[in-house]
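Quick note: the coordinates plus some simple rules give every number you see, no bench work behind them. What you see is a predicted model, and the numbers here were worked out from it, not measured in a lab. All Cβ positions, glycine included, derive from the backbone under ideal geometry; neighbour counts span all protein chains shown.
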Amino acid sequence: MNCAEFEVLLHALIDGELDAGHARELEAHTATCSACAEKLASFRTMREAMSGAALKETAPAHLRTRIETALAVPRSRVISMRDFFKPTRRSFFGGFAVGSALSAAVAASLVLTVIRNNQEQTIADEVVSAHVRSLQAGHLMDVATSDQHTVKPWFNGRVDVAPPVVDLTAESFTLLGGRLDYIDSEPVAAIVYQRRKHVINLFVAQHLGARRAHTASESIQGYNIRHWSQDGLDLWVVSDLAGEELDEFVQKIASALRRPSGAS
């Protein structure tokens, strides 16, 4: 392994995302290369410093009051002036119970949103790591062919989905083949394309944290990512290809999925 290959996998090593074989290979490289060993030590020191820093914000105590006030709901019946100035114990505690229930519902919704966002961020990080690993020699494809009718059936029995394998050669996206990969410890289909010198990995599974009808875009470590859900599939695309070109690729894949099953 040379220094350039080491640098590509440096963050994956620090985050414990490499398999044992690659980890041992990197450790052996640092034992003989002082420059890479120094770089690894520097990044580890930075990671430890950031992990120990107090970077979390604590919500202020008055936030609950503000939420309850903003969500106050009027009673369904008409309240007389006498009722207004002489509230009963039942109406008081009834209103308090409604407010508490609404607050609990909002809090639960916020927690679910945070969990969902954290899950998607974790998946995005793993997708990028899988893409980086695939770029190493001998890791890109298990079945190497531009024939979509060979690649698609290769996944039978290996994953629980029928991944879309589309011939986009006419649109300058060349099908290279496919491989079995793992995201969040689950087997996924990875369909490999190329435009010019840029490799594109299309990851397909049933549950990869996308669960959105519209395509979401982000960038991690210089790689562009697109992810969306369609026809019961979660799809993630990652490449160092320019964002506009990657959007074009996503549109082609999404359009192919919308075709009738008998269409070519």
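How many nm separate the modelled label positions at ASP247 and THR150, each set 7 Å beyond the Cα in the direction of the Cβ?
With each label point 7 Å from Cα toward Cβ, the separation is 3.5 nm.
How big is the gap, in Å, between the Cα center of region 125-155 and the Cα center of region 244-258?
The two parts, judged by their Cα centres, are 19 Å apart.
Is the shape of region 123-264 rounded, prolate or oblate, going by the alpha carbon gyration tensor and its root eigenvalues a ≥ b ≥ c, with a/c under 1.5 for rounded and a/b larger than b/c for prolate?
Since a/c stays below 1.5, the shape of region 123-264 is classed as rounded.
Once you have the Cα-Cα distance between ASP184 and SER42, take 0.36 nm times their residue separation minus that, and quote the gain in nm to one decimal.
So the extension gain works out to 48.3 nm.
List the aspartates and glutamates whose Cα lies under 13 Å from the Cα of LYS252, skipping any in the same chain that are fewer than 8 positions away.
ASP167, GLU171, GLU244
Which of the aspartates and glutamates could a cross-linker span from LYS39 if the Cα-Cα distance has to be under 20 Å and same-chain partners fewer than 8 positions apart are dropped?
GLU5, GLU7, ASP15, GLU17, GLU25, GLU27, GLU48
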